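Colleague: The structure's right below; bear with me while I get my questions together.
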């Protein structure tokens with residue numbers, strides 16, 4: 001029997017179904033209290049979890065969205081982050097503290113406050129994507145909002 005994980009996205013309403021860490025479908029609970037399974041083979045409805053598991057020929061592990069409350073350190077190499085950082089690294093050449101927003105993510109974000117020059121002018125940014133920092137003229141990272149605002153006020157418009 002296969003083992004799959006139903007990761008809760010909306011409390012008691014919507015789950016992402018994963019098998020060996022890969023997304024294989026979704027489950028939702030409709031107003032009629034029926035489970036709707038959507039995957040590559042189509043969409044099917046089930047009266048209960050037992051029928052759903054039997055159809056999938058799998059043991060379902062239900063993972064809740066509720067996370068344990070604990071003191072989370074929201075910084076990477078001394079720079080603040082917008083969320084819990086995963087895979088923290090420091091790019092020595094660019095002098096940037098980088099992180100991802102989930103353990104499996106490949107999108108890198110820069111910790112700290114920045115100002116970025118777009119076509120319409122300078123814009124404040126907190127934890128921008130690395131690709132944005134590489135594509136546009138930037139100043140930063142700054143450890144505080146106040147430092148960033150001081151530099152923003154002195155840049156030519």
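The values are calculated or read from the model by the stated rules, or taken from the named source; none is laboratory data. All of these numbers come straight from a predicted model, not from anything done at the bench. Reconstructed Cβ throughout: ideal geometry from the backbone, glycine too, with neighbour counts over all protein chains shown.
Colleague: Taking the stated definitions as given, is residue 65 surrounded by 11 or more Cβ atoms within 10 Å (Cβ to Cβ), at pLDDT below 85, assigned to a loop (DSSP other than H, G, I, E, B) and out of contact with any helix residue (DSSP H, G or I) (no Cβ under 6 Å at 6 or more places or on another chain)?
Modeller: Considered against the rule, which asks whether it is surrounded by 11 or more Cβ atoms within 10 Å (Cβ to Cβ), at pLDDT below 85, assigned to a loop (DSSP other than H, G, I, E, B) and out of contact with any helix residue (DSSP H, G or I) (no Cβ under 6 Å at 6 or more places or on another chain), residue 65 comes out as yes.
Colleague: Contact list please: Cβ distance under 6 Å, first residue in segment 106-120 and more than 17 Å from residue 94 (Cα to Cα), second residue part of a strand (DSSP E or B), pairs at least six apart or on different chains.
Modeller: 117/137
Colleague: What residue, of 90, 114, 99, is modelled with pLDDT of 95 or more, in the same structural domain as residue 145 (by TED's automatic domain parsing), touching a strand residue (DSSP E or B) at 6+ places or on another chain (Cβ under 8 Å) and more than 14 Å from residue 128 (Cα to Cα)?
Modeller: Details: 114 fails: more than 14 Å from residue 128 (Cα to Cα); 99 fails: more than 14 Å from residue 128 (Cα to Cα).
Just a single option satisfies the conditions, and that option is 90.
Colleague: Which numbered condition in (1) modelled with pLDDT under 90; (2) part of a helix (DSSP H, G or I); (3) farther than 30 Å from residue 105 by Cβ is the only one that residue 31 fails?
Modeller: The failed condition is (2).
Colleague: I've got another one for you. What is the residue count in segment 121-133 for residues that are in a strand (DSSP E or B), in contact with a strand residue (DSSP E or B) (Cβ under 8 Å, 6 or more places away or on another chain) and touching a residue at least 24 places away in the same chain (Cβ under 8 Å)?
Modeller: Matching residues across segment 121-133 total 3.
Colleague: So for segment 85-105 (the condition being in a loop (DSSP other than H, G, I, E, B), within 17 Å of the chain's Cα centre (by Cα), under 21 Å from residue 140 (Cα atoms) and without any contact (Cβ under 8 Å) to a residue 40 or more places away in the chain), does at least one residue qualify?
Modeller: Yes, because at least one residue in segment 85-105 is in a loop (DSSP other than H, G, I, E, B), within 17 Å of the chain's Cα centre (by Cα), under 21 Å from residue 140 (Cα atoms) and without any contact (Cβ under 8 Å) to a residue 40 or more places away in the chain.
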